[in-house]
């Protein structure tokens with residue numbers, strides 16, 4: 001029987017998004033395969049997480065592309081990015097907190113994505129839209145943190161899924177936006 005690797009990764013991502021500590025047995029069950037079959041495709045949890053990391057990089061890269069972050073008003077581009085990233089927020093939250101990812105250094109794919117997000121915040125600062133006392137690197141980390149926290153809040157039923165993009169965007173932008181001083 002042929003096993004679709006993408007199906008296994010999607011099932012693992014779905015489960016690990018809800019339960020980051022899921023065992024390989026639980027992941028195999030969620031994918032509808034046996035543990036031995038799972039191990040034939042992924043030598044262990046580390047190999048599976050590395051494959052999920054590549055999937056996360058690919059999906060977040062597509063979200064960045066779809067959000068057209070290089071176009072128009074930077075604040076609107078942030079809103080588009082948050083909306084485009086929402087479908088992959090859970091797996092991103094898992095990946096951003098998964099300690100195994102940092103044992104051998106950060107994947108260069110993350111560095112490329114970080115540079116794109118930081119460029120968005122730098123552009124917003126240059127446009128006068130975002131505060132200059134908050135570095136683009138910090139704003140990028142804040143964005144990731146809010147996306148992850150939003151995913152967890154939706155999973156736990158504390159926030160309605162339909163509200164999360166607006167809530168993440170507005171909280172981030174409310175703190176990042178440059179305020180004009182009254183005369």
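At-a-glance table
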| quantity | calculated |
| --- | --- |
| Single unsatisfied condition, residue 41 versus (1) at pLDDT 90 or above; (2) over 22 Å from the mean Cα position of the chain (by Cα); (3) surrounded by fewer than 18 Cβ atoms within 10 Å (Cβ to Cβ) | (1) |
| Lone unmet requirement of (1) part of a helix (DSSP H, G or I); (2) in the same structural domain as residue 153 (by TED's automatic domain parsing); (3) over 23 Å from residue 161 (Cβ atoms) for residue 95 | (3) |
| Test result for residue 88, under 19 Å from residue 116 (Cα atoms) and in contact (Cβ under 8 Å) with a residue 24 or more places away in the chain | yes |
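Residues checked against (1) out of contact with any strand residue (DSSP E or B) (no Cβ under 7 Å at 6 or more places or on another chain); (2) at pLDDT 90 or above; (3) part of a helix (DSSP H, G or I):
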residue	(1), (2), (3)
106	yes, no, no
114	yes, yes, yes
148	yes, no, yes
171	yes, yes, yes
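The values are calculated or read from the model by the stated rules, or taken from the named source; none is laboratory data. Every value quoted in this text rests on a predicted model; they were computed, and no experiment measured them. Cβ: placed from backbone, ideal geometry, glycine included. Neighbour counts: every protein chain shown.
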